[in-house]
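What follows draws every value from the coordinates through simple rules; no lab data is involved. All figures in this text were calculated on a predicted structure; none of them were measured in a lab. No Cβ is skipped: glycine too gets one built from the backbone with ideal geometry, and neighbour counts run over all protein chains shown.
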Amino acid sequence: MSSTEVDSCLRVAERVGLAAVASGSNFVLSPLSIRAALGLAAAGASGETLHQMLSFPGSPTVDHLNSAAARLVASVRADGDGREETGPRLSFVNGLWVDRSLTLKPSFHGVAASVYGAVAKSVDFRGQFAASGTKHGTFHLLDNSTVQVPFMTSRRNQFISSFDGFKVLKLCYRRNPNQRSVLYMLIFLPDKKDGLPVLIRQLSSDPSFIKHHTPRRDVEVRNFMIPKFKFVYEFEASKVLADLGMDAPFDGGHADFTEMVLLGR
């Protein structure tokens with residue numbers, strides 16, 4: 001993604017993340033899912049609605065937005081030889097509901113199927129920790145209380161880097177045949193128990209922050225433990241986006257999606 005797109009995603013992450021921390025909740029945010037939903041809707045937008053939906057990710061035209069989305073999906077799914085079937089599978093659910101009395105424009109239907117249809121599948125994040133590598137330990141909460149939770153442990157080298165005030169762990173998903181990990185999870189751990197809000201603001205203030213703080217090599221770790229966690233946070237994406245200046249698409253009286261359906265004369 002471009003630096004403008006990354007910046008817009010980080011602004012959303014900052015709003016959602018700080019609200020979650022304030023309420024003592026975990027949170028999960030999928031920038032790709034939100035971007036795909038906006039791109040799909042933008043393909044049917046017009047007027048001020050389209051202007052705002054293009055300005056937010058920094059795209060000059062709908063064609064540019066769709067082309068960037070297609071390249072992004074292809075880069076995630078393909079391996080080093082360009083073959084999609086061996087790459088990781090990234091799944092999420094987006095949907096559009098159109099009144100039965102209306103007919104989709106063929107042009108919109110084509111974009112929805114060719115650019116965004118390939119990534120619209122169900123998702124299941126549930127999984128079990130390996131019993132042999134699981135140990136119970138003490139986990140510290142933001143309110144200074146503690147709970148006993150299962151931790152995943154490992155003796156393998158890990159991609160970990162230490163920086164001023166925090167550490168970063170990179171957990172790689174399935175690698176392709178060339179051993180190039182194209183998809184991974186980053187876990188940021190502040191040194192201070194109450195350091196998460198400051199870290200979120202650091203991350204959201206610089207589009208290159210994640211790139212510059214992603215571990216590049218694996219190191220030996222003596223005591224490696226990750227707590228089993230559950231995402232329980234919900235948020236209304238439309239409200240967050242409207243607060244960030246993209247309010248036209250969510251205004252029932254003024255939203256313009258006339259490029260999505262055929263209108264009678």
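At-a-glance table
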quantity	calculated
Peptides ranked, highest mean first, by Cβ atoms within 10 Å: ranges 198-204, 253-259, 33-39	33-39, 198-204, 253-259
Phi to ³J(HN,Hα) by Karplus 6.51 cos²θ - 1.76 cosθ + 1.60 over the range 156-171, Hz, x for Gly, Pro	6, 5, 10, 7, 9, 9, 10, 10, 5, x, 6, 10, 10, 10, 10, 9
Reach of K167 by Cα under 25 Å, taken over lysines that are not fewer than 8 positions away in the same chain	K135, K192, K193, K211, K228, K230
For V261, residues with placed amide H under 5 Å, excluding near neighbours	K105
Prolate/oblate/rounded call for the range 131-227, Cα gyration tensor, a/c under 1.5 rounded	oblate
